[in-house]
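Q: My questions will all concern the structure given below.
The values are calculated or read from the model by the stated rules, or taken from the named source; none is laboratory data. Just so you know, these numbers come straight off a predicted model, no measurement behind them. Here the Cβ positions follow ideal geometry from the backbone for every residue, glycine too, while neighbour counts run over all protein chains shown. Surface accessibility is based on the protein's heavy atoms, side chains included, excluding ligands, DNA and RNA. Shrake-Rupley method; radii C 1.70, N 1.55, O 1.52, S 1.80 Å.
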Amino acid sequence: MPHIQSATRLCIAAALSLAGVLAAEAATVSDEDKAFVAKVSQGGMYEVELGKLAESKGARQDIKDQGNTEAHDHGLVGEKLKSIATGAGLSFPETLNPEFQGRLDRMKGLSGAAFDSAYVKDMKAIHDADGAAFAKEAKGGTNPDLKAFAAETHRIVQRHLGELGAKTN
């Protein structure tokens, strides 16, 4: 019986210690960091889904190719963000919110040149918005992992903006 009580105490002490470590880690995530994760996770998921849509619905090959690039790059970025966020104790969405789902549904209703034009316009807008969020987090975030992620990803977003700028509407 003394061994069981000792083992129980040890387990409780370990659990409390782990809870303290997790609480300290979660405390390093500011409200701004949380807002950053919420915003760019949605934007990233949207870019993946819209990229896949462009691969199948794009009228021009360069739009199809850009869609492939967007889906690939933002899929990888999303997985990395999810890993950092969950490691910091943050929840991570699995589905698009109503705003982004509505945008995606609107794009699904387009075809041909109208789709291509709307795709480039929408991707420029989302990259501009997310690019600003990445730059802000890279400069002023409190969580070092999120700051490093934001700086690295900001470069990807800038590259995508350059690629999208080369597309004519």
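Q: Six or more apart or on different chains, Cβ atoms under 9 Å: show the pairs whose first residue is in segment 87-115 and open to solvent by less than 70 Å² (accessible area, probe 1.4 Å) and whose second is in a loop (DSSP other than H, G, I, E, B) and of a type in the set (K, R).
A: none
Q: Can you tell me which residue is farthest from I63 (Cα to Cα) among those in segment 101-125 that are among the polar types (S, T, N, Q) and part of a helix (DSSP H, G or I)?
A: Let us first name the residues in segment 101-125 that are among the polar types (S, T, N, Q), namely 101, 111, 117.
Those still in the list that are part of a helix (DSSP H, G or I) too: 101, 117.
Values: Q101: 21, S117: 9 Å.
So the residue we want is Q101.
Q: Scan segment 48-81 residue by residue and report those that are surrounded by fewer than 22 Cβ atoms within 10 Å (Cβ to Cβ) and of a type in the set (D, E, K, R).
A: E49, K52, E55, K57, R60, D62, K64, D65, D73, E79, K80
Q: Here's a follow-up. Taking segment 140-169 on its own, how many of its residues are within 19 Å of E79 (Cβ to Cβ) and of a type in the set (G, A, S)? Lay out the reasoning, then the answer.
A: The initial filter retains those residues of segment 140-169 that are within 19 Å of E79 (Cβ to Cβ), namely 143, 145-157, 159-160.
Applying the additional criterion that residues be of a type in the set (G, A, S) yields 148, 150-151.
Result for segment 140-169: 3.
Q: What number of residues within segment 141-168 are part of a helix (DSSP H, G or I), loosely packed, with under 13 Cβ neighbours inside 10 Å and either touching a residue at least 12 places away in the same chain (Cβ under 8 Å) or of a type outside the set (K, R) (or both)?
A: Going residue by residue through segment 141-168, those that are part of a helix (DSSP H, G or I) are 144-165.
Okay, now just the ones that are also loosely packed, with under 13 Cβ neighbours inside 10 Å, so 144, 155, 162, 165.
Checking the rest, the ones that are also either touching a residue at least 12 places away in the same chain (Cβ under 8 Å) or of a type outside the set (K, R) (or both) come to 144, 162, 165.
Going through segment 141-168 one residue at a time, the tally reaches 3.
Q: Among (1) within 12 Å of G44 (Cβ to Cβ); (2) open to solvent by less than 70 Å² (accessible area, probe 1.4 Å), which single condition is I84 missing?
A: (1)
Okay, residues lined up against (1) at pLDDT 90 or above; (2) farther than 20 Å from K34 by Cβ; (3) hydrophobic (A, V, I, L, M, F, W, C); (4) touching a strand residue (DSSP E or B) at 6+ places or on another chain (Cβ under 9 Å):
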| position | (1), (2), (3), (4) |
| --- | --- |
| K82 | yes, no, no, no |
| G89 | yes, no, no, no |
| L96 | yes, no, yes, no |
| L104 | yes, yes, yes, no |
| A129 | no, no, yes, no |
| K139 | yes, no, no, no |
| K147 | yes, no, no, no |
| I156 | no, yes, yes, no |
| L161 | no, yes, yes, no |
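Q: Looking at segment 33-47, which of the residues that are of a type in the set (G, A, S) and open to solvent by less than 10 Å² (accessible area, probe 1.4 Å) is farthest from the chain's Cα centre (by Cα)?
A: Quick first cut of segment 33-47, residues of a type in the set (G, A, S) only: 35, 38, 41, 43-44.
Right, trim to open to solvent by less than 10 Å² (accessible area, probe 1.4 Å) and you get 41, 43.
Details: S41: 3, G43: 6 Å.
Per the stated criteria, the residue is G43.
Q: On to the next question. So D122 clears everything in (1) touching a residue at least 40 places away in the same chain (Cβ under 8 Å); (2) within 20 Å of F36 (Cβ to Cβ); (3) of a type in the set (D, E, K, R) except one condition, right? Which one?
A: Status for D122: all satisfied but (2).
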